[in-house]
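The structure appears right after this line, and notes come after that.
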Amino acid sequence: MIEDIFKETRAKMEKTVAAIKQELAKIRTGRAHPSLLDHIRVPYYGSEVPLNQVANVAVEDARTLAITPWERNMIPVVEKAIMESDLGINPQTAGTVIRVPLPSLTEERRRELVKVARHEAEQGRIAIRNIRREANHELKEALKEKLITEDEERRAEERIQKLTDQYIEKIDQLLAEKEKDLLSL
């Protein structure tokens, strides 16, 4: 019973950390990286699909992404989707290749991006604490139903607290790496 709750809690916390890692990857640094465009969706034959399902996204150089749509008629659609995204970048089309030059970040923009990263990390911490609360609630229910003793419940709560601290530390490490990445020139 307690092991099941513990395993389920660990799995949920692991997913939360993975989601935060993905969210932080979307926040762009000064370097070009294909994952910057992962969240962009493109209309394709009546449905919205991720950009990487209709085009090849590659790094051309440190500040430029090259996007090659698999179908010629997708070039203007992809271009429009990139322009309408929240990235604030302007694609340039040359034949069948769309180049996306990434402007260098100003100090002010870097600070804004650090704030965004901190907000994402805080959302992750809140999610981890909510998972802890759910697990502790399950333990209390098990205690009420006399499935576990009070001592077992207390030990399990301590284990879950240690797990919570461990995963919050992982989120803090991800944030520290991202901040360092954003503030370095």
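When 105, 65 are screened for being surrounded by 14 or more Cβ atoms within 10 Å (Cβ to Cβ) and in contact (Cβ under 8 Å) with a residue 60 or more places away in the chain, only 105 passes. Among the residues of the range 57-77, count how many are more than 22 Å from residue 23 (Cα to Cα) and not in a strand (DSSP E or B). Adding up the residues that qualify gives 8. You will find that of 169, 179, the residue that is surrounded by fewer than 13 Cβ atoms within 10 Å (Cβ to Cβ) and assigned to a helix (DSSP H, G or I) is 169 and no other. Here residue 17 does not fit the description of being hydrophobic (A, V, I, L, M, F, W, C) and farther than 29 Å from residue 130 by Cβ.
Residues that are assigned to a strand (DSSP E or B), surrounded by 13 or more Cβ atoms within 10 Å (Cβ to Cβ) and touching a strand residue (DSSP E or B) at 6+ places or on another chain (Cβ under 9 Å) within the range 36-55 comprise 41, 42, 43, 50, 55, listed in sequence order.
A search for C-beta distances below 9 Å between a residue of the range 13-37 that is outside the structural domain of residue 57 (by TED's automatic domain parsing) and any residue that is modelled with pLDDT of 75 or more and aromatic (Phe, Trp, Tyr), counting only pairs 6+ apart in sequence or on different chains, returns 13/167; 14/167; 16/167; 17/167. Here the range 13-35 is the region considered, the condition is being assigned to a helix (DSSP H, G or I) and basic (Lys, Arg), and the residue that is surrounded by the fewest Cβ atoms within 10 Å (Cβ to Cβ) is 15. Residue count for the range 78-90, restricted to those that are closer than 16 Å to residue 35 by Cα and in a loop (DSSP other than H, G, I, E, B): 5. Acidic (Asp, Glu) and under 20 Å from residue 179 (Cβ atoms): does that describe residue 107? The answer is yes for residue 107. Considering the conditions (1) surrounded by 16 or more Cβ atoms within 10 Å (Cβ to Cβ); (2) in contact with a Leu (Cβ under 8 Å, 6 or more places away or on another chain); (3) of a type in the set (D, E, K, R), residue 118 is excluded by exactly one of them, (1).
Among residues of the range 131-143 being touching a helix residue (DSSP H, G or I) at 6+ places or on another chain (Cβ under 9 Å) and either among the polar types (S, T, N, Q) or over 29 Å from residue 179 (Cα atoms) (or both), the one that is surrounded by the fewest Cβ atoms within 10 Å (Cβ to Cβ) is 140.
Might you check whether a residue that is closer than 22 Å to residue 12 by Cβ and assigned to a helix (DSSP H, G or I) occurs anywhere in the range 107-120? Yes: the range 107-120 contains one or more residues that are closer than 22 Å to residue 12 by Cβ and assigned to a helix (DSSP H, G or I).
The values are calculated or read from the model by the stated rules, or taken from the named source; none is laboratory data. All values reported here derive from a predicted model rather than from experimental measurement. Cβ: placed from backbone, ideal geometry, glycine included. Neighbour counts: every protein chain shown.
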